[in-house]
Structures are given as structure tokens and as C-alpha cells.
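Right, one structure below, let's go through it.
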Amino acid sequence: MYLLTVVMLLIVLPLACTAIELLLLTGDVVLVGAKWLVFWAVGVRLFVAGIRQVFQPDFTAQTIFGLKDEGAFGVVREVGFGNLSMGTLGLLSLAIPGWVVPAALVGGLYYLLAGLGHARRTSRNSHEQTAMITDFLAGGLLLAFVVAQAL
């Protein structure tokens, strides 16, 4: 279920929304694609992850990191607050187009750094391996868009 959710939010839904918008309206494929990637990958994914981390910290602690100690739950909740904040920025970027680049920057940095954090761990379970790969994918795409906009 975790892998399916991640694939939907990082690949399927952004591509589908981009294709639909480009079929119905004219627009720059990069800008339209980035808008939908920011909405789904930064907005929806991080907002939903934040909700889960705040209200069910045991899922992230145990399933992703293999931590059984309830002492880790407070730290996971704090991460959840950050994810809720970044997710809100990503969600609002759909209504406020000027926020797409800042949301891509914040989300891209977060994903890249999270991917590096996962990569440093030598014993990753399949959930953490999925998180690491998709974090690098999302971070790379988002930051490439930011760099392209800066040039």
C-alpha cells in the first residue's frame, strides 16, 4: 500500500494532471508539470504524511525506521509539524502560482536531505528503501525545476 501511494503521488497523479491540463489548455509543459508535481508531491504527500506523523507517530517510527521505543514518537510528531507546514505551502501553490517555485525549493531540499538521511543508514527495510529512492527522485525533479527557473 505504501509503495502504491508513493507512486501515485509522485508519478501517476502529477503526470495525469499535467496531461489533462495540456490537453484542455495551452501552457509550458515544464511549468504545468512542475505545478502539478509540487501540488501532489509537496502538497498532498507531505500534508498527508504530516497528519499521519502527528496522529500516528508509531507508523513512521516503526514501519519506516524500525524504532519500537515510544520515546521516538515525540520526534516523529515534530517532523510531522514540519511536513504539515511544507504540505500546506504545496497545496496553496495551486491557488497562488507565485508559490510554486518556493514550494519546489523547500520541498526539493527536504526530499533531497531526507534521501541522504536514508542513504546513510546501512540497514534499510523495504519501506525505507522506497522512501529513499522516491525522496531522491522527487528532490531531484523539484530542484531541477528551481534551477531552471533561476537561469
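The values are calculated or read from the model by the stated rules, or taken from the named source; none is laboratory data. No experiment lies behind these values; they were computed from the predicted model shown. Because the Cβ atoms are built from the backbone with ideal geometry, glycine has one as well, and the counts that use them run over all protein chains shown. SASA here: full protein model, heavy atoms, side chains in, ligands and nucleic acids out. Shrake-Rupley method; radii C 1.70, N 1.55, O 1.52, S 1.80 Å.
Annotations
- Checking THR60 against (1) modelled with pLDDT of 95 or more; (2) over 15 Å from LEU9 (Cβ atoms); (3) crowded, with 19+ Cβ neighbours inside 10 Å; (4) in contact with a Lys or Arg (Cβ under 8 Å, 6 or more places away or on another chain), the condition it does not meet: (1)
- Positions within region 63-103 being surrounded by 16 or more Cβ atoms within 10 Å (Cβ to Cβ), part of a helix (DSSP H, G or I) and aliphatic (A, V, I, L, M), in sequence order: ILE64, ALA72, VAL76, VAL79, LEU84, MET86, LEU89, LEU91, VAL100, VAL101, ALA103
- Remark: ILE51 falls outside the filter, which requires a residue to be surrounded by fewer than 18 Cβ atoms within 10 Å (Cβ to Cβ), free of Cβ contacts under 8 Å to residues at least 12 places away in the same chain and closer than 26 Å to VAL12 by Cβ.
- Within the span defined as region 15-25, every residue fails to be under 13 Å from the mean Cα position of the chain (by Cα), within 17 Å of LEU91 (Cβ to Cβ) and in a helix (DSSP H, G or I).
- A search for C-beta distances below 9 Å between a residue of region 76-88 that is charged (D, E, K, R) and any residue that is surrounded by fewer than 21 Cβ atoms within 10 Å (Cβ to Cβ), counting only pairs 6+ apart in sequence or on different chains, returns ARG77/VAL54; ARG77/PHE55.
- Candidate set from region 104-135 (those that are among the charged types (D, E, K, R) and open to solvent by less than 20 Å² (accessible area, probe 1.4 Å)); member that is nearest to ILE11 (Cα to Cα): ASP135
- Region 84-119, residues that are out of contact with any helix residue (DSSP H, G or I) (no Cβ under 8 Å at 6 or more places or on another chain), closer than 16 Å to GLY33 by Cα and aliphatic (A, V, I, L, M): ALA95, ILE96
- Among (1) open to solvent by less than 40 Å² (accessible area, probe 1.4 Å); (2) out of contact with any Leu (no Cβ under 6 Å at 6 or more places or on another chain) - the single one ALA138 does not satisfy: (2)
- Only one of the numbered conditions (1) farther than 20 Å from ILE96 by Cβ; (2) at pLDDT below 95; (3) open to solvent by 50 Å² or more (accessible area, probe 1.4 Å) is not met by LEU25, and that is (1).
- The residues listed here are VAL32, VAL38; of these, the one that is surrounded by 21 or more Cβ atoms within 10 Å (Cβ to Cβ), of a type outside the set (Gly, Ala, Ser), closer than 27 Å to ALA144 by Cβ and at pLDDT 95 or above is VAL38.
- As for region 119-138, it holds at least one residue that is without any contact (Cβ under 8 Å) to a residue 40 or more places away in the chain, within 15 Å of TRP40 (Cβ to Cβ), of a type in the set (Asp, Glu) and part of a helix (DSSP H, G or I).
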